[in-house]
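Structure, as structure tokens:
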Amino acid sequence: MEIGQIIKERYEIIQLLGEGGMSYVYKANDKQLKRTVAIKTLKPNYVQQEKFVERFKREAQTAANLNHPNIVQIFDWGIGDEPFFVMEYIEGTVIWESHIPHGSETDRFEIYASMNETIANLHSVDPYKIGLENFGKPGNYVARQVSRWTKQYRNSETEEISLNSLSTACAVLSKTPGGFLLRTYDEFSVFKR
């Protein structure tokens, strides 16, 4: 997509907001409803690969089937030059650091409380009802993640860590507010405050 391009004779691309591994996100103007929207599109090198197009479509369908005030709404889906979906545009700041350095204690509390409530709500969603019945491996999520992180650590290990230093690292890690929550937020890519 290019700045100024019009999709489906309706959405005018205004600016590139960001990019991930497989997609771009643009700010756009919905000319019919006269509102600002966000458009997520698959990168060109994935467009010809059916499994990526299907995965992208499933992401749109899943997000569209979630109903919570802290999860952006999906408005439209389509395939033009590349697959895309149109979603609610939220004006705001992306928070990269888990300790939220520029917020007051009250701001941090409100953000984390809102994130916790959203994640709790997501855990109550029936995967079968939103089309995720065969997405990922069922069960043992925490064990799989710990195994994955252990393998990643061992592959990047430069020196052995003693039990004493490991205890200290775990204690410091457990004091880091919201590390898991922000990771989850990043994976869903649909959280809003």
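Packing around the peptides 69-76, 110-117, taken as the average count of other Cβ atoms within 10 Å per residue, puts them in this order, highest first: 69-76, 110-117. Can you tell me, using C-alpha contacts under 8 Å and at least 6 residues apart, the relative contact order of segment 27-106 as a whole percent? Relative contact order, segment 27-106: 30 percent. Between residue 146 and residue 123, the distance separating the two model label sites (each 7 Å from Cα on the Cα→Cβ line) works out to 1.6 nm. Sorting the segments 10-16, 103-109 by their residues' average number of neighbouring beta-carbon atoms within 10 angstrom, most packed first, yields 10-16, 103-109.
Among the listed pairs 31/129; 8/57; 51/151; 27/51; 27/57, a Cα-Cα separation exceeding 23 Å is found for 31/129; 51/151; 27/51.
Maximal additional length on extending the residue 35-residue 132 stretch stands at 31.8 nm, based on 0.36 nm per residue less the C-alpha distance.
If the segment from residue 57 to residue 102 were pulled out straight at 0.36 nm per residue, it would be longer than the present Cα-Cα gap by 12.6 nm.
Per-residue 3J(HN,Hα) values for segment 118-131, derived from phi via the Karplus relation 6.51 cos²θ - 1.76 cosθ + 1.60 with θ = phi - 60°, read 5, 5, 4, 5, 4, 5, 8, 6, 7, x, 5, 6, 10, x Hz in sequence order (x marks Gly and Pro).
FYI, it's all coordinate maths here, none of it is from the lab. All values derive from a computational prediction rather than experimental measurement. Note: ideal-geometry Cβ built from the backbone for every residue, glycine included; neighbour counts use all protein chains shown.
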